[in-house]
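**Q** Structure incoming, see below.
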Amino acid sequence: MAIKTYIENGKKFYEIYVNGFDSRGIRVQRRKKGLDTIRKAEMAEFELKRELAKLKEEAVPFRWSEWLSECLKRMKLVHRPSTVINYTAQMGKWINPHWDNLDLHKITKQKVYDTIFTDIDSKISPWTRKTILKMVRRIFEMAVEEGILDRNPCAGIRVNVPEVDQKVLTKTEVGIFLQEAKQTNHRFYPVWAMALMTGMRSGELFALKWTDIDFDGKTISVSKQWTSKNGFGPTKTQRSRVVPISNALLKFLKELKIKAGNQSEFVLPQMPEWENGEQARITREFCAAIGITPVKFHDLRATFITNLLARGESLARVMAIVGHSQIKTTNGYLRKAGVDVQGATEKLGYDLPDEVVGAKVLSLR
């Protein structure tokens, strides 16, 4: 910091030079020239020092990478490890290379749009792009909730995705599937049977214990699941539910219990392929081998839902049994089952002609 004099056009002037650091620790310099009295120079020096002091004391604006890091720390307190791992991986791969050192306030709606639809690799699926946008939106929502931003720059931006054509087995195919699996003594037969008779998710079936089954009340208590990343924990929706046991399933479970004895606390065999996430491939390959629709393991849950709805079970009861948190999810299976349009074509008002015995020859000229 200094006050220096210099001569210009034969007249004496004063110059002030002040330097310091801002709140980030970055060096800041201020200079002022053309002051014709020492008093003015001293006053100007005082004001520049005040300006630098304010810069040093003011709150540090977050850069994208800094705020993301803070959000991930907070997520660890309330979310499963897999959620934090997923956010870290997706943001690190797709967003950080473009925004790493940008001030949070300078990321505009246009910037978000350009990054999601232009900067990110065009080869990724619409579903992945939608997931990335959803994560970015949540990071900004947290900034709005903290009062760091006035509005979310993701507002109004959408990624359109095609509807997933989920495959399901028909009633006839379910019969063939279970019959072939049982006759060949397939190692996954008990798991497949439980999936088709309860609609439970793979992780819920893996975590199912004999203590969760009420043989007298004919119910299954579903309160936990297992995943390779999180281990045993609450269900996907964080809620418990009760699944009714049909007479056919009750007989199956009693037989399974007799075979298992007291060897395991778990209802189903926890095979290595299941732990390694190969159940989808194994299910699809078996279906293809016996000549039915090649569904994946999760499609057995969809089969359970659509078959119940197609046979007149109410939307609300099916929703409760399978543990959907939103009715629109169950409603999607209602469309798949075709319940809402069933019988509509009977009202066409016309029919196909009966087969005529003996052909009638027409002469065309």
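The values are calculated or read from the model by the stated rules, or taken from the named source; none is laboratory data. Since this is a predicted model, take the numbers as computed values, not measurements. Note that each Cβ is placed from the backbone with ideal geometry, even for glycine, and that neighbours are counted across all protein chains shown. Just the protein is used for accessible areas: all its heavy atoms, side chains included, with ligands, DNA and RNA removed. Shrake-Rupley method; radii C 1.70, N 1.55, O 1.52, S 1.80 Å.
**Q** Please tell me which of these pairs span more than 18 angstrom C-alpha to C-alpha: Lys218/Lys257; Lys182/Lys209; Lys218/Lys296?
**A** Those over the limit are Lys182/Lys209; Lys218/Lys296.
**Q** Expressed as a rounded percentage, what relative contact order does the chain have, with Cα pairs under 8 Å and six or more residues apart?
**A** 11
**Q** Okay, next question. Assuming R0 = 22 Å, what is the FRET efficiency of Ser228 and Glu273, from their Cβ-Cβ distance, to the nearest 0.05?
**A** For R0 = 22 Å, the calculated efficiency reads 0.95.
**Q** So, counting K/R as plus one and D/E as minus one, what does the shell of residues with Cβ under 14 Å around Pro190 add up to?
**A** Once positives and negatives cancel, what remains is +4.
**Q** Which of these values of semi-axes √(5λ) of the Cα gyration tensor in Å was calculated from the structure shown: (i) 43, 23, 18; (ii) 67, 30, 17; (iii) 35, 23, 18?
**A** Structure-derived value, by its label: (ii).
**Q** Next question, about the same structure. What is the packing order of peptides 248-261, 207-220, taking the mean over residues of other C-beta atoms within 10 Å and listing the highest first?
**A** 207-220, 248-261
**Q** In degrees, nearest 10, range 0 to 90: what is the angle between the Cα axis of helix 189-198 and the longest Cα principal axis of the chain?
**A** The answer is roughly 80 degrees.
**Q** Of the accessible area of segment 62-203, with the probe set at 1.4 angstrom, what percent is carbon plus sulfur?
**A** About 51 percent, which is the carbon plus sulfur part of the accessible surface.
**Q** Right, another one. Please state the Cα pair-distance histogram of segment 17-128 with 10 angstrom bins from zero: what percent is in each bin?
**A** P(r) over segment 17-128, rounded to whole percents: 11, 27, 24, 16, 13, 7, 2.
**Q** Right, another one. Quick one: what do you get for segment 139-182 if you divide its Cα Rg by 2.2 N^0.38 Å?
**A** That works out to 2.51 for segment 139-182.
**Q** Where does helix 81-90 land angle-wise versus the long Cα axis of the chain, in degrees 0 to 90, nearest 10?
**A** Between the helix axis and the principal axis of the chain, the angle is about 60 degrees.
**Q** From the mean inverse distance of alpha carbon pairs (Kirkwood) and the Cα radius of gyration, derive Rg over Rh for segment 126-218.
**A** Using Cα coordinates only, the ratio equals 1.23.
**Q** While we're on this one: Could you name the aspartates and glutamates whose alpha carbon sits less than 18 Å from that of Lys254, not counting residues in the same chain fewer than 8 places away?
**A** Cα-Cα hits under 18 Å: Asp212, Asp214, Asp216, Glu265.
**Q** For the pair Asp114/Thr293, report the inter-label distance in nm, with labels modelled 7 Å from Cα in the Cβ direction.
**A** My value for the distance between the label points is 4.6 nm.
**Q** Here's something else I'd like to know. Once you put a point 7 Å from the Cα of Gln263 and another 7 Å from the Cα of Ser221, both along the Cβ direction, what distance in nm separates them?
**A** About 2.7 nm, to one decimal.
**Q** Separation between the Ile176 and Glu70 pseudo-spin-labels, each 7 Å from Cα along Cα→Cβ, expressed in nm?
**A** 5.9
**Q** Suppose R0 equals 51 Å. What FRET efficiency, 1/(1 + (r/R0)^6) with r the Cβ-Cβ distance, do Lys167 and Asp103 give to the nearest 0.05?
**A** That pair, Lys167 with Asp103, gives E of 0.60.
**Q** Per residue, how large is the accessible surface of the chain? Use a 1.4 angstrom probe and give square angstrom.
**A** Using a 1.4 Å probe on heavy atoms only, each residue of the chain averages 62 Å².
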